[in-house]
1. Give me a count of the residues in the range 99-120 that are surrounded by fewer than 23 Cβ atoms within 10 Å (Cβ to Cβ) and modelled with pLDDT of 95 or more.
2. Pairs needed: first member in the range 267-294, farther than 16 Å from G149 by Cα; second member anywhere, assigned to a loop (DSSP other than H, G, I, E, B) and polar (S, T, N, Q); C-beta distance under 8 Å; at least 6 residues apart or different chains.
3. Within the range 99-114, work out how many residues are outside any strand (DSSP E or B), in contact (Cβ under 8 Å) with a residue 40 or more places away in the chain and small (G, A, S).
4. How many residues are small (G, A, S), assigned by TED's automatic domain parsing to the domain that holds D304 and touching a Pro at 6+ places or on another chain (Cβ under 8 Å) if we restrict to the range 99-157?
5. Do you know which residues across the range 120-141 are assigned to a helix (DSSP H, G or I) and aliphatic (A, V, I, L, M)?
6. Report, by residue number, each residue of the range 1-19 that is assigned to a helix (DSSP H, G or I) and either small (G, A, S) or within 18 Å of L88 (Cα to Cα) (or both).
7. Scanning the range 288-337 for residues that are more than 22 Å from the chain's Cα centre (by Cα) and hydroxyl-bearing (S, T, Y), which turns out nearest to G271 (Cα to Cα)?
Amino acid sequence: MIGVLGGYGAVGREAVRLLQSAGVGALRVGGRRPQPVAGAESRAVDVTDAASLLAFADGCRLVVNCAAPSARLSPHVAATLAAAGIALVDAGGAACADVAWPAGARALFAAGALPGLSGALPLWLADSIPKPQRLHCWFGILDGFTAAGAEDYLDGALQSGSGGPPLRGAELPFFPRPLTLQPFSDRETRYVAARLGVDESRCWLALEGQHLVRALEQARALPGAQAVDAIVAGSALDAAGRRPQAQFLIQLDGLRDGAPAAVTLRLTAPGVAHLTAACAAACALWLAGAAPTVGLAAEQVPADELIRLLRHLPSGVELEVFNAGVDDLRETSGGAL
């Protein structure tokens, strides 16, 4: 049996649907306020209470944690399941990779959209450029955040620190409006750069609209609850009247057969919850048959296997690879006007 914590939220519901579509067998879905789930067992669980958490996990060969905010909840979930020797895939919880797991344990963290797929995709794309030299990534999310999702988003943005001032009015192919590009760096981006051996690695959050940009600028000076409220309000205003979408552009430059070459990957998804759930479900499918391993998903799961599993899930996530750089694509596809 596979258990899904936070299974009644947007990410958890989608993860359950994808796991069911993959035919994983029995599923147990848990949350504070259980709801009927077709084809699955529903349970009440308080992830902050060890006894409740262990009762939920009893009989599960693997637990997928989609409970948010992961910055506050994941450490306790990880420590409790580690002590019980239960395999875990956490859509968040990047800081939990250093939890002391017993020998033979299996656990993946940061198995979501960003971090998660954001690290696996450049590694997968590297098959197209035998000698990579430069990596540029743009991660765009146009979606309304819940309070829990906003807390995690804000935690990630603040943890990554400021990679420099934002670039306003930027244009990228496939994005219909001007963007604000906020540089960022975290453990995953540094790992990917080192793994690829590139001379240059730059990553940006690609923000459409101005309300979320202002909320992020204000958040560093606001108390926690007010900062979260600002992120929720800003994301809602930017997404108002727009179709939710997550869109990543990843460009890798280098040498192919001794000549300069560039490839660009475009990922689209119906929203950040769909993308997060798709990665978590794919990681669960991989970990269910994997040897013991503990760490961040982008560091532990072979990128080609993760993308293969992702592509077999009916998640709405689409991948395209172009034998061109972003500048060339801007001329042919159009960008912000």
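The values are calculated or read from the model by the stated rules, or taken from the named source; none is laboratory data. Model, not experiment: these values are computed from the prediction. When we count neighbours, we look across all protein chains shown, and the Cβ atoms used for this are built from the backbone with ideal geometry, even at glycine.
1. Residues meeting the conditions: 1.
2. Here the result reads A269/S315; A278/S315; A281/S315, each pair linking the range 267-294 to a residue that is assigned to a loop (DSSP other than H, G, I, E, B) and polar (S, T, N, Q).
3. Number satisfying all stated conditions: 6.
4. Selection size over the range 99-157: 3.
5. Hits for the range 120-141 are A120, L121, L123, L125, A126.
6. A10, V11, G12, R13, E14, A15, V16, L18, L19
7. Ranking the qualifying residues of the range 288-337, first place goes to S333.
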